[in-house]
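Have a look at the structure below, then the notes.
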Amino acid sequence: MTLLHLAILRGAAWLVPGPQRAEWFAEWIAELWYVKRNSTRFCLGAFRDAFWLRRNSPAPNARHTFGLESPLRCVLLLAVLAAVSVFFAFRVPIPRAPKGYLILGYLLMILISVLVLSATTPLALGEYPANRYSPTGAVRLRRWIFLAFKIALLLPIVFCGSLDLASITAMNFQPHGFLVGLIVALRWALVDQRQRCPVCLRLLTNPTRIGGPSQIFLEWYGTELICAQGHGLLYVPEIPTSCCSTQRWQYLDPSWSSLFS
C-alpha cells in the first residue's frame, strides 16, 4: 500500500454517499492489504463501485426542492419568475426580429419540443388506480389543473427569459433559441408532476431503495416514496418490465393517517 493507492481510494470515497463513506473506505483499505499484484488497477476499480453506490443509494434528505414541496409555493414561485421575466422583457432592448416572427417561431418550437420530449421522455404520468376513500374525479381534475398552471407559467418564463438573455448576449435572435429552454422546462414539469401525491399535490418524501437487480423477476426492485400526509405510496421501478413498466401509486387506508399526524 502506497500513498498513491490511498489517494485514489480517498478520491473515490468522495463519490460515495456521506452516511456510507467511512464504512466503504474502511472496507476497501482492508481489501487492499490482501492485493499482491495490480494494486493500482484494483484501486481504480473503486471508482466504479463508488459510482454504483451513488446511483443506487439515494439519501432520504438529499433532494433539493427549493421550497417547492407545497403546490401553492410552487405556483407562486413560478408566477413570480414569470412576472420578473415579463417585466425585464419590456425594459431591455428587444432583439432585431419582427414580433410576429418571434411568436410564430415560439409556437413552432413548442410543437418541436413536445415531439422531442415524446421521443426521449415518457409522457405518461404513471398508473393511478381509483380511490375508494375520496372522489376520484376531483383528485384527477385537481392534478391536471395543477399541471396546466405550471405549463402556462413556464411558457412566458421561457419566452421572455430567452429574450432577456438574447438582449445581453446577441443582437440577432433566432426562434430555435427557445428550443432548449422549452425542453428543459416541460421535462421538469413532467418530472415534478410524477413526484407529487395525487391527493394533496405535495412532493413525495423519503425515497427508499427496495430489492436488487437479481430479484427483478420474483420481487419488487425499485424506489418507494411516501406522502408525508399519509395519502399513499409511489412505487418507481428501477428497470421497466412487462409487468411493471411505469410507476404505480397505492392509496393508504385512512387508518394510517394517525402515523403521519
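At a glance:
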| quantity | calculated |
| --- | --- |
| Extreme residue, nearest to the chain's Cα centre (by Cα), among residues of the stretch 49-87 that are exposed (fewer than 13 other Cβ atoms within 10 Å of the Cβ) and modelled with pLDDT of 85 or more | L72 |
| A170 vs. criteria aliphatic (A, V, I, L, M), modelled with pLDDT under 90 and under 30 Å from L68 (Cα atoms) | no |
| Given (1) modelled with pLDDT of 75 or more; (2) surrounded by 11 or more Cβ atoms within 10 Å (Cβ to Cβ); (3) part of a helix (DSSP H, G or I), index of the condition S118 fails | (2) |
| Of the criteria (1) at pLDDT 70 or above; (2) in contact with a strand residue (DSSP E or B) (Cβ under 9 Å, 6 or more places away or on another chain), which one E219 fails | (1) |
| Residue that is nearest to the chain's Cα centre (by Cα), among those in the stretch 32-48 that are surrounded by 12 or more Cβ atoms within 10 Å (Cβ to Cβ) and not β-branched (V, I, T) | F47 |
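To keep it simple, each residue is scored yes or no on (1) closer than 30 Å to S113 by Cα; (2) at pLDDT 85 or above; (3) surrounded by fewer than 18 Cβ atoms within 10 Å (Cβ to Cβ).
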position	(1), (2), (3)
R187	yes, yes, yes
V191	yes, yes, yes
T208	no, no, yes
S245	yes, no, yes
W256	no, no, yes
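The values are calculated or read from the model by the stated rules, or taken from the named source; none is laboratory data. Remember, it's a predicted structure, so these values are computed and weren't measured experimentally. Virtual Cβ from ideal backbone geometry, glycine too; neighbours counted across all protein chains shown.
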